[in-house]
Structures are given as C-alpha cells and as structure tokens.
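FYI, it's all coordinate maths here, none of it is from the lab. Source: prediction; values computed, not measured. Counting neighbours? That spans all protein chains shown, and the Cβs are built from the backbone with ideal geometry, glycine included.
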Number of protein chains: 2
Amino acid sequence: METKSKNRNLKVIIVGGVAGGASCAARLRRLDEKAEILMVERGPYVSYANCGLPYHVGGTIEKESSLLVATEQTFREQFAIDVRTRCEVVGISAAKKTVDLNYLVTGEATTEKYDKLVLSPGAAPIRPPLPGIDLPGIFSVRTVPDARNIREWLDRDTEDRSGMHSYTGFQTVMPAKRAVVIGGGFIGLEMVENLTHRGLEVTLIEKLNQVMPPLDPEMALLVERYMVKHGVHLELNDGVAGFEQSADGSLEVLTSSGKRHPADIVILAIGVRPETALAQMAGIEIGQRGGIRVDEQMRTSDPDIFAVGDAVEVKDFVTGQWTLIPLAGPANRQGRIAADVIAGRDSRFRGTQGTSICQIFEGVIASTGASEKLLTQLGDTGFEKIYLYPNSHAGYYPGAKYLAMKIIFRKSDGRLLGAQVLGEDGVPSRINAFAMAIQMGLTIYELEESELAYAPPFGSAKDPVNFAGMVAADILHGDMPLSHWNAVDGGFLLDVRNPQELAVESVPGAVNIPLPQLRTRLGELPRDREILVICRSGQRAYYATRILLQNGFKARTVAGGMLSRSMLVSS
Amino acid sequence: METKSKNRNLKVIIVGGVAGGASCAARLRRLDEKAEILMVERGPYVSYANCGLPYHVGGTIEKESSLLVATEQTFREQFAIDVRTRCEVVGISAAKKTVDLNYLVTGEATTEKYDKLVLSPGAAPIRPPLPGIDLPGIFSVRTVPDARNIREWLDRDTEDRSGMHSYTGFQTVMPAKRAVVIGGGFIGLEMVENLTHRGLEVTLIEKLNQVMPPLDPEMALLVERYMVKHGVHLELNDGVAGFEQSADGSLEVLTSSGKRHPADIVILAIGVRPETALAQMAGIEIGQRGGIRVDEQMRTSDPDIFAVGDAVEVKDFVTGQWTLIPLAGPANRQGRIAADVIAGRDSRFRGTQGTSICQIFEGVIASTGASEKLLTQLGDTGFEKIYLYPNSHAGYYPGAKYLAMKIIFRKSDGRLLGAQVLGEDGVPSRINAFAMAIQMGLTIYELEESELAYAPPFGSAKDPVNFAGMVAADILHGDMPLSHWNAVDGGFLLDVRNPQELAVESVPGAVNIPLPQLRTRLGELPRDREILVICRSGQRAYYATRILLQNGFKARTVAGGMLSRSMLVSS
C-alpha cells in the first residue's frame, strides 16, 4: 500500500512549460496525486521540442505539429495539471508566497498563492543592441513562432521569385539566397547545416577564434575545414558591428573588421543568457555566472522556491566549478529532481559534465567532460592529452571512416577528464562510453579493459575507446614519453613513415628512417639528443619509440603525428 | 631512461598467429626488444580478420586481401618476429620446455626450446560425426580458405548455370539457390544475412528453441520474427540428423523430426569447441567447461605456459562463473596481458561480461552482462527485469525506430546485471553505455543520472539508458509495483489504452478505461483485488498505477505492455 502524501493540498506553481518545467509537472503529479499543480507558460505551447527547431527550418522535420511533444490537453487529461499558456508572471512575492499573472490574450490579471514555486524560465537568445538589430529578416531561433517566422520569410521569398519567372514557361533555377548566421555554437552550426540544406549560401560569422566552444581550438579546426569543404563561408575572429538594409530590401551585416556581408536572412545564434527577471522579482540569489543559484536539490536561496533548466547555474562535475549548461538533458533531470524534493524525497543533482553532440552535414561533433582550454583557464596543469585517429569500425568492412579523438586525463592517477570525438560514423557509441566513464570517475586504465560492442560493422576488436585507454596507459607507465607539436622546435625529428607518404607531406628538417629499417639503422641517430618520433597518426612512432628507448636512446613520440600537425602547426 | 629488460635473451614461442597470439607477439616486442619471439601458425595466414569472413562470403567485403590485417612481412619487419605459417605443433614437452614443429609444406620437422610458451590455438567449429557430413557442399566458416571455398562453390554454380542459358541471348534470372545454415548463433546469423544478400534462399535450422543464445527467448523471438519477415525459413527445435546427396548433386539436410531440406550449400555454424589438443600434449589443466584453465594473468597450470583467446575458460565478470567466450575483443586483451606478464608486469584480466553485437539485415542485436536465463540456471532469483520500447532518437526527427530493451538488475541494491537491446537504429550507443555501466558495477539509480549524447538525430533529452534507470528506480522505490505477463492469470486486468488501439489488439477479459478518464471512473474498479494495468509499452500503465495506488487501490504495472505480451504470450 502506498503511503498517502503528507502534502495533501500542496499548491505548486511551475513557471515555464518546456523541458525542465514540463518534466517537473509530470513527475510531481505521479508522486502526488492530490497536489494542486499550476503550470504557466508565456508562449503559446508547452513541452515543445526546441531542439528540433533548426531541423524544422531546414525542412527535415516537415510539420510544425511534430514539434509539439505533449499538448496542453495531455497535461490536463493525463496529469490533471492546470496549464495556462500565453500567461506571463509579472510579479512574485516570496514573503506572501504569491505570483501575479497576466494573461496575454485577454489582458486579465490574477494573483495565485503557492506553497512551492518552481522557476523554469529558460535562457533567452542574446540580442545585442547593435545598429539595425531590429530590421526585418533578422531572427533568433528559440520558439516555435521563431521557426515559423523564419520559414515564412524564406518561403515568401521563394514565392516572389517563382512568380517573377513563372511566365517564361521554363523551370527556373532559383538564385542562391544568402544567409548569414552569427555565432558558431550548437544552434549556429545546426542553422548553418539546415539553411545549406534548404539551398541557401551560408556565411558563418564568429567573434572567437573557433566554432563549437566545448571543443579545443585544434579540434574545432577540423570542424571548420569540414564546413568550408561543404561550401560554408567562415569568418572567424570577427564580431558583428551592425546591420543595414539595402535599396532592394536585402540586408548587409557589418563586422568589426569593416567587412560587409550581404544577406537575405540573418540568424542570431550568439548564445543565450539565463532568464533571471523572475528570480530578481523574487529576490533570490543569482550566481557569479549570471544564473539562478540553486543547491543540489534545485532549491534557490528561498527554501520554497526551486529553479531548474537553462536559467540555473550548475556545478561542473569534472572541474567542480559553477557553470551554465543550457542543454535539454540536464534540464529534464533537474525538473524531476525538483519534483522529487517537493514530494519529500531526497533526490540530488550530481552536476553536469557537459556531454553534447551536434550534427553538421554528414559529420558529428561530440564532447564530454573538460576541455584542455577550460582546465588551462582554471590553472590546472596536471593533465596529459592524446590525439587518436582510429577507424570507426573494422577497416576491412566497408564504410569505415576515421574518428578524430582528443582524450584528456590526469597525469597523477589516470582519471579521465574529457573526450572530444569527431567523425562521420560511430561517434555516438564512443562519446556515450566516455560519458559513462567520466560519470564514474574512471581511469584510462579501466578504459583499456572496457568490453564494448564489436562486430565488423560497428567497431574493432580493440575499440577506439580501448585504444585511447591503451595509449594513455603507455604514457603513464612511461612506455611512451610524449611530446606535442608546440614543443618540437630544436628537437631531433625522426619521421618513420615510408617514402611514398613523405612525398605527399613532410616536416622540414626531419630525418626519415622507415620503421622496418629502424633496427638496422640505429647508428644514424644521435645518442646525445632527444629524438622526437613522428608518423601519420602516432602508432608507428610509438613502435619506433619503444625500439629507441630499449636501445638506450632518449626518445619521445609526437602525439597524433602528421594528422595532429595539420591541426596544430600553421603552414 | 628505460630500464633494460631482465629477460634479455628470453625465448618465447607463440602458437597461433591470429587475434590473441598476434596481439601477444606485437605487445611483447614493444615491451622487450631483445626477446626472441617465434610465432607459429598452422594456417597460411597470420592476423587475419576471421570476424569478416561471413561478409566476404556475402560480397560486402569484396577482396580476400582486405581480410589480411597484418601480414607475415609486417610481423618480421616492424616487430622482428620470426613468423612461421603452415607450421604445426606436433609435440610439447613441458618438462624439457620444447615444442616439436612440423612444416606442412616441406614436411620438415624441428624442435624449438622456449622459456615461455603462449598457446593461442582458438576454437574449432563443431563438426558432428553425422552421416554425410563430409559430402561436398558442406562448409564451416573459420578460416580464409573456408571463405574462399564457399565463394568458389557458389560462383562455380553461377558460372555453370549462366553458361547453360547464355545462348538464348536473354538476360536470365537465376533460379534462387537454396542454402541451409545450421546453428543460430552469431556466425549462423551473419551467414544467413550474407547468403540472403547474395540472393540465396536460406533456411536456418536450430536445435534450441531460440536463435542467439546470449538473448533470452522472448527477445530472440523478435529476432526470429524479423528474420522470417526478411524471407528466412526458420526451423527451431530441430536438430540435424544427417545429409544426403540427390541425383542432381544437390544436398538434402535430414533433421531429427524427420524433415528433409534441399540445399545447394550447407553452412555448419553449430558452435565452436576450444582447441585443447596442444594443452593436452603439454599436460596442463583443462577446466570444467572444456577450455584451458588459466589464472588472471593468463598463466596455465604450468607457470611457463600461458594461454589466451577462444581456447581458454574465463570468469564471467557478472556471475563469477567459468565460461567460454569465443570473441575477438577478450582474445586481444588476453594476448596483451600474457605479453605484459611475460615481460614482468602485473597485468590482470578482469574477466568478461560477454558484450556482443550482431547485424542481421537492417537490424542490430546486442547484449551485455547476464541474461535472465543464465541467472535462473544459476539459481539466482534476486533480480527484476523490465522491458522498454523507447525511440532510438527524438520521435519528431525523421528515422526514429523503436528499440526493444530488456534490462535486468538486482532487487536488493539496484546493480545492473544485464542488458539486451534490439533495433534498427541507435543500438551501439546504448549497448556501449550499458557495457560501461556493468564494468563499473553501476546501479540503475546511476543510469537515471547518466549524461549521454543528445541532439534530435541521436537521442532524446531522456535517453533510453536514462529511461531504463528511471523505470527500474520507480520499481525499487516502490512507486511502480511490477507484474509480468506470466503472472497475470486470474488478476483484474485494466487496459488504459484508447479504444482505437484496442480495436487492433486487445486482451480477453481486460476492462478498458482510457487513461484520461481514469480519475473520474475509479468507482468502476474493485478495491479488494489487485489491479494489473496494461497499455502499449508500459508507460501509461505506470501513470495509471500511480493514480490507483494514491487512491488506495492495489495495483501493478504489467511490464512492457502489449509489446511484451506479443513476445511472451502465445496466441
């Protein structure tokens, strides 16, 4: 028999009906059948798939209705939740425990009392006050109406131009329309892909020196090259200064460097900022990173007010630092936890490790845990990094593509700190393995022994995850002293690739002895200098390093070989 | 500086040059540059991709040379290993530490002394002494020559028949050729797929009541239905009694039940048996399961003889039982460990958890850890099981397919014991997450909190792995008392699906109250009986169970709903 809830007539108001808010409402109902639950949402829809918006713009998700995961009706009928959409919170009194509501359609206003309040307001797209920011044709991508507006803007254009040409009787080729996407994070990249997919010519402008902030710059470089190969115009290290409208109605995007990029549509994807207006009304604490401060139980500084989702700061599970992670997975888990705690349970949020994945054309970009960049910012120098380029599955089975992996681990104990994985095949299965490993505080020694799914279409007998563990363990065991490309200057460079490979690309000044000849040509190498060994990816260099060390030479393998050099050394 | 090896002139003989043996040889060379390493292999090739053989037969892997991962030359040149192929071990003296070799091509015989001996003889396809077993057209699939023989047999047939018809001047449709595959394990299923792919009509005969032994029978049933849907003739519960040759040269397979299956080719994939002839020569211990007994360091009962790969018994990491796991991943890791130990390092094999994956047409079958069947055999009753049918990725993004998952966990502490995952999309990323979880002894509570890769093309904000954790936790928290289909007889069955769904399929005797009406129709339900709630997959039944329990009813959710019923209840 179920114990009856003590909070029989608990009244809970949830502000925000997407992701965290919706999860919280549904979970709370399952735990407390008698609670009075009111969920208010400023927009027209609850529980919609905001992660799907770029794909709806691109046409991959055809119907807008597909984005509506659960309707108001579902919440009312299945969960007996009082849902009010187009309803804005205009005041909160933490002292009186009341919320002032304003109904956007009717203009009506009411005040509701709560026992517990859950804030799930999300994060708003950053919209800097630049000249021309409000010109028609400049869009953010946050809500279903945003996506609808973008589609209408693009379709309207199509209709106009089709009309112009239809009298000729010929099938007309549409002139390439020009889009400018501002910001190279997840949404920016997804919009680049989807606008390209719709046939637009896309320029991506990014203020930083790289796209995809969770990646380190050298890994992001692979993404950047890949995008350029797919026809994207990329402008890094350049901020947007303003927008102007041309005589023909099209836009121009002006940048800090003085460039002008013509555009028929502009997408702002600069990032998001936690919505903290409600928190400020309620007088609850805001953290250093600008998000609502909560404890492990999603409780704010007011014990009767909880906050979840993109608006809150969370602890980075790997670094222990406060951070903002506007992702759907953590938001949903936080919603559940807030519901649990309100229902009297001892659930806790363990923090986030920032696992993320993004599709760009046929490529997939994924990361979990800390980047080198982040660790360096925190003053952490106790880590080592490796680069690997294994096949996504057995090389002899068709369709294998190489993965580019960067793995970061602690030198002292081998603990896995972060993984970045890029490729066109097999990325999700590896990033999930690394994500589980980081969750459990695994070491790279344990990755050596992981027993992952292997059959020729899916992996290799030594999976890339095992391989990462083995290489890292070789370093920590002292079997493979490592060097990096930024530290090779002045060293004695030994290239153990074969001559055909050198003909394609070689390193100035490197001595070439192909690996099969190394044992018989040791006399050509210096005994008084450290020998830095290079090959294509690092594997043969490791074999050579072993031979050299055991023959009394000083030697290091250059991490990632020529494949990493192309990312790290400007030519 | 590297410490010089103490075993400067160590002589190591490795018997068997594939997977475990080849890994051992290469690793040992990296650890000990001075050791004398002799690798002998009975067949013509070392380090070939035996996992790729079925795909070479099917034509997916076109060239035989693709299967040769590393050649004799590679081993000689890169690793300075003395490789001898077509060389058989005909005697071992553990007392004298010698091995007698017979060179199959020249007929020459030599005796070699060893300091350490590594046995990696693999496992041989079982070839029962049935009448007609040696008739032409009956093949096993273990070696490159096996695959070549099968291809030649199939191609020869094609040429004959093409020749017959070529004079007509019409393009001829080949009559479907008939293959019988005996045995429904990995190799059997891969051969079924590949022969079907080549255009043959395939019958699969399996003695047991299910295909794919690592799965439980109800999960295997989904695979069986899938194969039948793809045109495979399936004969379960029937053994092979013998083979006969017809007048036209084709074969007939006779079964225990008296059936006769005509066949132009027969593939034996009954299973494999550890090759222990060498171990017997050496007088070392054989375990209860018929494999060579080794310790955690891959050392046999003779401290100077090691054994690795399919020929050894290993500890099941989950159950603690000795088992035979003839898979490439563990074989490769064992080879490395033997090399480490021989080189004086303290590496240990942690056992195996039997992670496996198999492609069958567009479907993927994967499992890791213990099955219900295995736990039951061991007398373990302290586990619970759940069935889930989540989307492989966000339902609103095109291409989502449902996954069928069975998750087994310990009732007392929530420890994850096993996972079986089937589907056409997203299987590897989930089985790898479960495999990592089992490696680390994770509980289902920790699966709730896993932070896996989510973007609409790859997953959901609540990943199927999280979802499994949440459902299991609901059970262990007592929020969702569970029932199974084999225990519903005599219970009060409440179906909370909507009437349209019932029109397609319903359970005799079940009362229907659609979930949205449940709160208002509680009066129709008995308070003195346990109510067993069903829906399509179990999710709405869970919601209904929560409503019922909190309103003072006794209620249980029937695990997996109608989707599981179709697997568990014969209709």
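At 7 Å along the Cα-to-beta-carbon direction for both B:D134 and A:D489, put a label point, then send me their distance in nm to one decimal.
Taking the two extended label points, one gets 7.5 nm.
By how many degrees, 0 to 90 and rounded to 10, does the Cα axis of helix B:464-476 deviate from the longest principal axis of chain B?
That helix lies at roughly 60 degrees to the long axis.
Between rounded, prolate and oblate, where does the stretch A:320-471 land on the alpha carbon gyration tensor, with a ≥ b ≥ c its root eigenvalues, rounded for a/c under 1.5, else prolate if a/b exceeds b/c? Spell out each step's value before the answer.
Working: a/c = 1.89, a/b = 1.48, b/c = 1.28.
It is prolate, given that a/c is not under 1.5 and a/b is the larger ratio.
Positive end of the dipole of chain A, charges at C-beta (+1 Lys, Arg; -1 Asp, Glu), about the Cα centre: which of A:V266, A:I205, A:I14 has its Cα farthest in that direction?
A:I14
Could you list, in their original order, any pairs among A:K96/A:K315; A:K34/A:K113; A:K63/A:K229; A:K207/A:K373; A:K315/B:K462 whose Cα atoms are separated by more than 24 Å? Write out the running numbers ahead of the final one.
Numbers: A:K96/A:K315 31 Å; A:K34/A:K113 17 Å; A:K63/A:K229 30 Å; A:K207/A:K373 17 Å; A:K315/B:K462 20 Å.
Cα-Cα > 24 Å for A:K96/A:K315; A:K63/A:K229; rest within.
Starting from the stretch B:400-434, pick out the trypsin sites (Lys or Arg not before Pro) whose DSSP state is loop and whose Cβ has at most 13 other Cβ atoms within 10 Å.
Numbers: sites: B:K401, B:K406, B:R410, B:K411, B:R415, B:R430; in loops: B:K401, B:K411.
Passing both the DSSP loop test and the Cβ count: B:K411.
Using just the alpha carbons, could you tell me how many Å³ per residue the convex hull of the stretch A:238-370 encloses?
Values: hull volume 22.7 nm³, N = 133.
Measuring per residue, one finds 171 Å³ for the Cα hull of the stretch A:238-370.
What's the average, rounded to a whole number, of partner chain beta-carbon atoms within 10 Å of each residue's beta-carbon in B:326-336?
Numbers: counts 0, 4, 8, 11, 4, 1, 5, 8, 0, 0, 4.
Average per residue, whole number: 4.
For a quick check of your reading of the filter: which GluC sites (Glu not before Pro) in the stretch B:423-501 sit in a DSSP loop and have no more than 12 other Cβ atoms within 10 Å? List each step's numbers first, then the result.
Values: sites: B:E424, B:E446, B:E448, B:E449, B:E451, B:E501; in loops: B:E424, B:E449, B:E451.
Answer in residue order: no site qualifies.
5 Å is the cut-off here: which amide hydrogens, built 1.01 Å from N in the peptide plane, fall below it relative to B:R556, excluding neighbours closer than 5 in sequence?
B:I531, B:L532, B:V533
Using Cβ counts within 10 Å as a stand-in for footprinting exposure, how do B:E244, B:E524, A:E64, B:E218 rank, fewest first?
Details: B:E244 14, B:E524 11, A:E64 17, B:E218 22.
Ordered from fewest to most neighbouring Cβ atoms within 10 Å, B:E244, B:E524, A:E64, B:E218 come out as B:E524, B:E244, A:E64, B:E218.
For the Cα atoms of chain A, what angle does the longest principal axis make with the long axis of helix A:539-550, in degrees from 0 to 90, nearest 10?
50 degrees
Treat the count of other C-beta atoms within 10 Å as a stand-in for reagent exposure and order B:K116, A:K462 from fewest to most. Display every interim value, and only then the final one.
Values: B:K116 24, A:K462 20.
With the sparsest Cβ surroundings first, the list reads A:K462, B:K116.
Just rank A:V180, A:V507, fewest to most, by other beta-carbon atoms within 10 angstrom. Before the final figure, lay out each step's value.
Values: A:V180 29, A:V507 18.
Going from least to most buried by this count: A:V507, A:V180.
Would you tell me the mean number of C-beta atoms belonging to other protein chains that fall within 10 Å of each C-beta in A:436-447, as a whole number? Don't skip to the end; give the middle numbers.
Numbers: counts 15, 3, 1, 11, 8, 1, 3, 0, 0, 1, 4, 2.
So the per-residue partner count for this stretch is 4.
How about the stretch B:288-368: which GluC sites (Glu not before Pro) there lie in a loop by DSSP and see at most 15 other Cβ atoms within 10 Å?
Details: sites: B:E296, B:E313, B:E362; in loops: B:E296, B:E313, B:E362.
Those satisfying the criteria are B:E296, B:E362.
How many nm is it between the label spots at A:Q288 and B:A241, if each spot is 7 Å from the Cα in line with the beta carbon?
8.1 nm
With unit charges on the beta carbon (Lys/Arg positive, Asp/Glu negative), name the residue among A:Q78, B:Y543, B:P481 whose Cα is farthest towards the positive pole of the charge dipole of the protein assembly as shown.
Value computed over the given set: B:P481.
In degrees between 0 and 90, to the nearest 10, how far off the longest principal axis of chain B does helix B:186-197 point, with axes built from Cα atoms?
That works out to roughly 90 degrees.
From the label point of B:R519, set 7 Å from Cα along Cα→Cβ, how far away are the matching label points in the other copies, in nm, ordered shortest to longest?
Those separations, rounded to one decimal, come out as 7.8 nm.
If you take every DSSP beta bridge fully contained in chain B, what fraction is antiparallel? Give it as a percent rounded to 5. Write out the running numbers ahead of the final one.
On the way: 53 of 96 bridges.
If I count the DSSP bridges inside chain B, around 55 percent turn out antiparallel.
When Cβ neighbours within 10 Å are restricted to other protein chains, what is their mean count per residue of peptide A:542-554? The partial results should precede the final answer.
Details: counts 1, 5, 1, 2, 6, 6, 2, 5, 10, 4, 3, 2, 2.
That average works out to 4.
Counting only other residues whose beta carbon sits under 15 Å from that of B:L447, what net charge do I get with K and R as +1, D and E as -1?
On the way: positive: A:R333, A:R336, A:R350, B:K385, B:K406, B:R410, B:R415, B:R430, B:K462; negative: B:E384, B:D413, B:E446, B:E448, B:E449, B:E451, B:D463, B:D474.
With Lys, Arg at +1 and Asp, Glu at -1, the net is +1.
Quick check for me: using +1 on Lys/Arg Cβ and -1 on Asp/Glu Cβ, what's the dipole size of chain B about its Cα centre, in debye to the nearest 20?
Details: 61 positive and 67 negative charges, 208 e Å.
Using only the charged Cβ atoms, the result is roughly 1000 debye.
Can you give me the C-alpha center-to-center distance between the stretch B:505-570 and the stretch A:271-295, rounded to a whole angstrom?
Their Cα centres are 42 Å away from one another.
Given Cβ point charges of +1 (Lys, Arg) and -1 (Asp, Glu) and nothing else, what value in debye, to the nearest 20, does the dipole of the stretch A:477-571 about its Cα centre take? Please list the in-between numbers first.
Numbers: 11 positive and 8 negative charges, 46 e Å.
For the stretch A:477-571, the charge dipole is close to 220 debye.
Rounded to the nearest 5, what is the percent of antiparallel bridges among the DSSP beta bridges in the protein assembly as shown?
Working: 106 of 192 bridges.
Around 55 percent antiparallel, to the nearest 5.
Compute the distance from the alpha-carbon center of the stretch B:21-38 to that of the stretch B:315-351, in whole Å.
So the two Cα centres are separated by 17 Å.
Rounded, prolate or oblate, given the Cα gyration tensor of the stretch A:48-155, with a/c below 1.5 counting as rounded? Kindly include the intermediate steps, with their values, before the conclusion.
Working: a/c = 2.49, a/b = 1.45, b/c = 1.71.
Judged from the Cα gyration tensor, the stretch A:48-155 comes out oblate (a/c at least 1.5, b/c at or above a/b).
Let me spell out the model: positive unit charges on the Cβ of Lys and Arg, negative unit charges on the Cβ of Asp and Glu, origin at the Cα centre of the stretch A:273-331. What dipole size does that give, in debye rounded to 20? It would help to have the intermediate numbers written out before the result.
On the way: 5 positive and 9 negative charges, 33 e Å.
Dipole about the Cα centre, nearest 20: 160 debye.
With N residues in the protein assembly as shown, what two-decimal value do you get for its Cα radius of gyration over 2.2 N^0.38 Å?
The value comes to 1.01.
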